[in-house]
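Shown next, in structure tokens, is the structure this report addresses.
The values are calculated or read from the model by the stated rules, or taken from the named source; none is laboratory data. Remember, it's a predicted structure, so these values are computed and weren't measured experimentally. In this analysis, Cβ positions are derived from the backbone assuming ideal geometry, glycine residues included, and neighbour counts consider all displayed protein chains.
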Amino acid sequence: MRSPAVTVLMPAFNAASFIRHSIRSILAQTFGDFELLVIDDGSADGTAEIVSSFRDGRIRLVRHTDNKGLVSTLNEGLRIASAPLVARMDADDVSAGCRLALQVDFLDSRDAIDAVGSAAMIVDQRGVPRGVMRVPSSPQALGWELCFRNPVPHCSVMMRRKRILDDYGGYPHSRKSEDYALWSEIAARNRFAMMTKKLVKYRVHGASIMRSDSDGNDISAVRRRNIRRCLGPILSSGEEEILARSWEDPTAMDWDEYCRVFEHAAAVFSRIHGPLGKAPGLQYQTLLVNSGQPVIRLISSLRRHAPRRLLRLPWARLLAARLCFGE
């Protein structure tokens, strides 16, 4: 029997509330040469029964009697997938009908690329749009953003199965950063690409599989490696430490030293690789929200170190944060 061109890998754990909608979005793809590999990781809410209710020969269901965890389930899926290309899909998210077709065409025409992701529409538990996850549009911009956060929606990625297993060892065993770590390793070899078209709807709710910007020692270690790789030629070891430490504990950060180092790095990086666009402003926003500090401290520091940056910050969001901090 001929293998399909794409395996859509969907891990599921207690996903009965959303998985029907997610499966339908895959079955409705304009590209039909795929298998949908659903791995039920010990669910106790009828997830497997919902999957089994679909009468489509392209669906393959694997059931775990016990919960093995996301990383173990993802690596199992990579090993047993039938196709050379694997598209990730979470059991609570939705793929646009053209997603597989566009990503297959993209990888077919770019043999040097090992994985491709896309922008995403953020929706809430009811499917109501709440925003957009915009993504870096160049390898250089992706490298910059990976120094501070994971800008890649996990559910948007399609990858070359054999290379991910042979060259990268699959997903690293990590408590919180398995995707961030893998994307960072692929990007470090200039083999990760992003499509700016919104090809998935990423659902944000209390039980979401994918988490963005959650912190922990594992994420800090990946961030520090990325800073060293991308910004090491620009910064001293002490300056690298200031950036890394500020993101690890924003509540204790010194805005004056952070702005000095960050703006120096951004200016040199932009001269070498091109403009960073809105990325620095959004990174300031993320740090400010996580720091809980008054916005006036950021403004005062930028007035000293980068007054032009004040004109390019996302002021509507920063002012909302200021109100939240009770200034």
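Determine which member of the set 179, 166 is without any contact (Cβ under 8 Å) to a residue 40 or more places away in the chain and closer than 24 Å to residue 280 by Cβ. Spell out how you get there, then give the answer.
Numbers: 166 fails: closer than 24 Å to residue 280 by Cβ.
Being without any contact (Cβ under 8 Å) to a residue 40 or more places away in the chain and closer than 24 Å to residue 280 by Cβ holds for just one of 179, 166, which is 179.
Check off (1) at pLDDT below 95; (2) touching a Gly at 6+ places or on another chain (Cβ under 7 Å); (3) buried (at least 17 other Cβ atoms within 10 Å of the Cβ) for residue 314 and give me the number that stays unchecked.
The number of the failed condition is (3).
Can you tell me which residue within region 150-169, out of those that are out of contact with any Lys or Arg (no Cβ under 8 Å at 6 or more places or on another chain) and not in a helix (DSSP H, G or I), is farthest from residue 241 (Cα to Cα)?
Per the stated criteria, the residue is 160.
Quick one: residue 76 ticks every box in (1) under 17 Å from residue 156 (Cα atoms); (2) buried (at least 19 other Cβ atoms within 10 Å of the Cβ); (3) charged (D, E, K, R) bar one, so which box is it?
Unmet for residue 76, out of (1) under 17 Å from residue 156 (Cα atoms); (2) buried (at least 19 other Cβ atoms within 10 Å of the Cβ); (3) charged (D, E, K, R): (1).
Before we move on, is residue 99 outside the structural domain of residue 246 (by TED's automatic domain parsing), surrounded by 16 or more Cβ atoms within 10 Å (Cβ to Cβ), farther than 28 Å from residue 248 by Cβ and not β-branched (Val, Ile, Thr)?
On the way: outside the structural domain of residue 246 (by TED's automatic domain parsing): yes; surrounded by 16 or more Cβ atoms within 10 Å (Cβ to Cβ): yes; farther than 28 Å from residue 248 by Cβ: yes; not β-branched (Val, Ile, Thr): yes.
Here the answer is yes, as residue 99 does meet what is asked.
Conditions tested, residue by residue: (1) touching a strand residue (DSSP E or B) at 6+ places or on another chain (Cβ under 6 Å); (2) over 19 Å from residue 137 (Cα atoms); (3) among the hydrophobic types (A, V, I, L, M, F, W, C).
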| residue | (1), (2), (3) |
| --- | --- |
| 236 | no, yes, no |
| 241 | no, yes, no |
| 244 | no, yes, yes |
| 249 | no, yes, no |
| 264 | no, yes, no |
| 269 | no, no, yes |
| 275 | no, no, no |
| 284 | no, yes, no |
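With (1) hydrophobic (A, V, I, L, M, F, W, C); (2) more than 29 Å from residue 174 (Cβ to Cβ); (3) surrounded by fewer than 18 Cβ atoms within 10 Å (Cβ to Cβ) as the list, and residue 106 as the residue in question, which single condition is left unmet?
Failed condition: (2).
Mind telling me which of the residues 297, 225 ends up being among the charged types (D, E, K, R), surrounded by 15 or more Cβ atoms within 10 Å (Cβ to Cβ) and at pLDDT below 95?
Result of the check over 297, 225: 297.
Within region 162-203, how many residues turn out to be at pLDDT below 95, among the polar types (S, T, N, Q) and under 13 Å from the mean Cα position of the chain (by Cα)?
The qualifying residues number 1.
Those residues that are surrounded by fewer than 18 Cβ atoms within 10 Å (Cβ to Cβ) and of a type in the set (A, V, I, L, M), I need them from region 261-278; list them, please.
Answer for region 261-278, where residues must be surrounded by fewer than 18 Cβ atoms within 10 Å (Cβ to Cβ) and of a type in the set (A, V, I, L, M): 267, 268, 272.
Consider residue 67 carefully, then state whether it is at positive phi and either crowded, with 17+ Cβ neighbours inside 10 Å or of a type outside the set (Gly, Ala, Ser) (or both). Explain how you work it out, then say what you get.
Details: at positive phi: no; either crowded, with 17+ Cβ neighbours inside 10 Å or of a type outside the set (Gly, Ala, Ser) (or both): yes.
Against the criterion (at positive phi and either crowded, with 17+ Cβ neighbours inside 10 Å or of a type outside the set (Gly, Ala, Ser) (or both)), residue 67 does not qualify.
Residues in region 121-134: is at least one on the phi > 0 side of the Ramachandran plot, of a type in the set (Gly, Ala, Ser) and not assigned by TED's automatic domain parsing to the domain that holds residue 244? Break it down into steps so the answer makes sense when it comes.
Going through region 121-134, the residues on the phi > 0 side of the Ramachandran plot turn out to be 127, 131.
Next, only the ones that are of a type in the set (Gly, Ala, Ser) stay: 127, 131.
Now drop any that are not not assigned by TED's automatic domain parsing to the domain that holds residue 244, which leaves 127, 131.
So far as region 121-134 goes, yes, one or more of its residues are on the phi > 0 side of the Ramachandran plot, of a type in the set (Gly, Ala, Ser) and not assigned by TED's automatic domain parsing to the domain that holds residue 244.
Of all residues in region 117-147, how many are in contact with a Gly (Cβ under 7 Å, 6 or more places away or on another chain) and part of a helix (DSSP H, G or I)?
Here the count works out to 1.
So which pairs qualify, if the first residue must be in region 284-313 and closer than 15 Å to residue 257 by Cα, the second must be among the hydroxyl-bearing types (Ser, Thr, Tyr) and surrounded by 19 or more Cβ atoms within 10 Å (Cβ to Cβ), the Cβ gap must be under 7 Å, and the two must be at least 6 apart or on different chains?
287/246; 298/284
Filter region 133-142 down to residues that are over 13 Å from the mean Cα position of the chain (by Cα) and either modelled with pLDDT of 90 or more or of a type in the set (A, V, I, L, M, F, W, C) (or both), then give me how many there are. Even if it seems obvious, please write down each step before you answer.
Initial filter on region 133-142 (over 13 Å from the mean Cα position of the chain (by Cα)): 137-141.
Restricting the remaining residues to those that are either modelled with pLDDT of 90 or more or of a type in the set (A, V, I, L, M, F, W, C) (or both) gives 138-141.
Residues flagged as over 13 Å from the mean Cα position of the chain (by Cα) and either modelled with pLDDT of 90 or more or of a type in the set (A, V, I, L, M, F, W, C) (or both) within region 133-142 amount to 4.
Restricted to region 108-141, and to residues that are among the charged types (D, E, K, R) and in contact with a helix residue (DSSP H, G or I) (Cβ under 9 Å, 6 or more places away or on another chain), which residue is nearest to residue 275 (Cα to Cα)?
Just the residues of region 108-141 that are among the charged types (D, E, K, R), to begin with: 108, 110-111, 114, 124, 126, 130, 134.
Those left that are additionally in contact with a helix residue (DSSP H, G or I) (Cβ under 9 Å, 6 or more places away or on another chain): 114, 134.
Numbers: 114: 25, 134: 16 Å.
Once the filter is applied, the top-ranked residue is 134.
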